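Following: one structure in structure tokens, then a few remarks.
The values are calculated or read from the model by the stated rules, or taken from the named source; none is laboratory data. Everything numeric here is computed off the predicted structure, so don't read it as measured data. In this analysis, Cβ positions are derived from the backbone assuming ideal geometry, glycine residues included, and neighbour counts consider all displayed protein chains.
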Amino acid sequence: MNFTSTRTSLVVVACTAAVIVACSSALGPPRAANVDGLRLGAAEKDGRNWMSHGRTYSEQRYSPLTQLHKGNIAKLGLGWSLELDTSRGQEGTPLVIDGVLYTTTAWSKVVAIDAASGAKLWQYDPEVPREAAFKACCDVVNRGLAAWKGRLFLGTLDGRLVALDAATGKPAWMVQTTDPAAPYTITGAPRVVKGKVIIGNGGAEYGVRGYVTAYDAATGQQAWRFYTVPGNPSEPFESAALRRAAETWAGEWWKLGGGGTVWDAIVYDPEFDLLYIGVGNGSPWNHRLRSEGKGDNLFLSSIVALRPETGEYVWHYQTTPAETWDYTATQPIILAELNLDGQPRKVLMQAPKNGFFYVLDRATGELISANNFVPVNWASHIDLATGRPVEDPQARYTEAPAVVIPSGYGGHSWHPMSFSPRTGMVYIPAMEIPFVYANPAADTSPNTGWQNGIDALIATTLPDDAAERKALAAMLKGRLVAWDPVRQREAWHVDHPYMLNGGTLATAGDLVFQGTIDGKFIAYDATSGKQLWSFDAGNGILAGPIAYQAGGVEYVAVMVGKGGAAPLISGFAMPEDRPGKMGRVLAFRLGGSAQLPPVPLPEPRPVPDLAGTSTTGTAAAGARLYADHCMVCHGAGAISGGVLPDLRYSAALTDAALWKTIVLEGALAANGMVAFESRFGAPQAEDIRAWVINESRRMAGEP
């Protein structure tokens, strides 16, 4: 008899999912990130850890921990904080595995932290080239990691998938998942299912074809790839599903990319052995340009169910047929069991950009119910018989511009929502933002998305008066919505001062946590919405919080750092702020008494003295050029949202030669400001400078 084998067998038999880590210590110390299918399958009852992006396979973002509750939340204080090395947006959901917190930061960096003390254990920098920022529609953010058998898996902004040793942070393997020459990016978190790492990508604003890929977690070898839109019909289709999808397209869409990137939602359902992916918008946005205004354009704006071992198509549900408003279905997906008509039903829930909340049958994709959770005017309702929206034809802006709500920012975007089985509510970070859509000028690139109607947002139409701009910003609303998915109606809501706010966490202590873009971290009563506690985080919060236990103590942690699409583009609607605040990780506990370090701010910025400054450019032409090429990073009206430098203060405004070296020749490429000489010439660069000079003078109250 082999004693070692017998001992091992006895230990394995004795282990249950609840004590698997303690049992593994009988054979030696457990390895870092010791996560497998058994542990993930038992994660619903393991509140100590947060081992996957949504905590469990269901991605409900619900913590069963009860040490924190409504009766003692007033005693919550800061347990520890860790300052990060970047001031860019922080959108990551941390993982906590056996006492170690792992999280991603801007520029696709990874940091491991002692979950009880906040001490940094190691950091990994994939050294993403800063010029990759130009390919990112929505900042250089990253939303998190996946863990499996001692490794962490990271998607980088420049399209790589990296496997890291969880104990050291050293790479084990690395693969390029995208064509480096194409404008693909990765900002979403991977998932690991049955030993395969699943990752998508972004870039639909810039003319790419979307897909999701599975890689072997041990080796990095590609296992399968599923394209979300059909390619050139003259070439063999990758699957029968794509052959059928091609019948819903018209024109030469493949030359424009098609879009359909899977940039966020990827959820595994072990009960039905299905992988659900959320598919994004078309490329270009405009259905008329993309597909001659014909066809539903599958699988854009769809939830698609695949076999996780092969990538085989099973079913789909399209939330927005013939998508033309940037209404992605990449928003978080939650799996649950609801009591519907007196019967338990296994359902999938999503609140995508288009403003409707959907409940689907997980096994078949059948639409069970749908209702709008924010004001909507592009469709009156969803026809439950056909599963299709009943549209207002004018919203398609085929003849004239249309004011549509929700906007391309969505009624809900990537910000995580949560579900409490105790209250039966889904807690949604919602937005109410109108947008003007219009057909583009003939000389506008059809692949950028911004060709579709930015006339109401470019600087020449923003009001001169600060009070009027503030009133305009007040029209762009943010709110926390508690949604009853059974009755398909709002239970309560809380209005926020600004339109963009963080994800949510629900707990068994009947609490809901959410951060706001103006830097408040708040706990609410999950049943009523009453605010119970708040903390000034010193910087905007976008990310979703998590809960975990370390040393027998319950913590709530959140990433802090303003960034993302809205603060870059719509600075006029953001809290007044200055670039320079670094991101941070905060962890709270009962009786916590830690203090935030002082926030160093840059020296006061002098308004450039533009007296005597001359330019050969034309400001009117520069306004349109700025909108097409610069606004996505530097903001409508050149008004900074506190993330990137405000061009109205730039010293280069008084120096045409310096402006040229920066804008055309890429003198600041190392900071992410790429050269634009391949896109326009010196006269156009001077037009942009002329317009920014005007905006700087207008800011200073000069004629």
For region 88-105, name all the residues that are at pLDDT 95 or above, surrounded by 24 or more Cβ atoms within 10 Å (Cβ to Cβ) and not in a strand (DSSP E or B). GLN90, GLU91, GLY92, PRO94
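Condition check ((1) buried (at least 24 other Cβ atoms within 10 Å of the Cβ); (2) closer than 20 Å to ILE433 by Cβ; (3) not β-branched (Val, Ile, Thr)) across all residues:
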residue: GLY503; (1), (2), (3): yes, yes, yes
residue: THR507; (1), (2), (3): yes, no, no
residue: VAL512; (1), (2), (3): yes, no, no
residue: ASP525; (1), (2), (3): no, no, yes
residue: SER528; (1), (2), (3): no, no, yes
Filter region 377-404 for residues that are assigned to a strand (DSSP E or B) and either touching a Lys or Arg at 6+ places or on another chain (Cβ under 8 Å) or among the hydroxyl-bearing types (Ser, Thr, Tyr) (or both) and give the result. SER380, ILE382, ALA402
Anything in region 246-283 that is more than 16 Å from TRP414 (Cβ to Cβ), in a loop (DSSP other than H, G, I, E, B) and modelled with pLDDT of 95 or more? List them, or say none. GLU247, THR248, TRP249, ALA250, GLY251, GLU252, GLY260, PRO270, GLU271, PHE272, ASP273
Can you tell me which of (1) part of a strand (DSSP E or B); (2) surrounded by 24 or more Cβ atoms within 10 Å (Cβ to Cβ); (3) not polar (S, T, N, Q) is the one LYS346 doesn't meet? (2)
Can you tell me which residue is nearest to the chain's Cα centre (by Cα) among those in region 200-214 that are surrounded by fewer than 24 Cβ atoms within 10 Å (Cβ to Cβ) and outside any strand (DSSP E or B)? TYR206
From the residues in region 114-129 that are under 23 Å from the mean Cα position of the chain (by Cα) and not in a loop (DSSP other than H, G, I, E, B), which one is surrounded by the fewest Cβ atoms within 10 Å (Cβ to Cβ)? GLN123
Condition check: at pLDDT 95 or above and under 29 Å from VAL404 (Cβ atoms). Does TYR327 satisfy that? yes
In this structure, is MET559 under 24 Å from SER407 (Cβ atoms), touching a Pro at 6+ places or on another chain (Cβ under 8 Å), touching a residue at least 60 places away in the same chain (Cβ under 8 Å) and of a type in the set (A, V, I, L, M, F, W, C)? no
Just to be sure I understand the filter: pairs with C-beta atoms under 9 Å, separated by 6 or more residues or on different chains, first member in region 224-237 and surrounded by 15 or more Cβ atoms within 10 Å (Cβ to Cβ), second member at pLDDT below 95 and assigned to a loop (DSSP other than H, G, I, E, B). Which pairs pass? VAL229/GLY257
On the basis of being crowded, with 22+ Cβ neighbours inside 10 Å and under 32 Å from the mean Cα position of the chain (by Cα), does ALA636 make the cut? yes
Flagged in region 251-281 as exposed (fewer than 15 other Cβ atoms within 10 Å of the Cβ) and over 20 Å from ARG55 (Cα atoms), in numbering order, are GLU252, LYS255
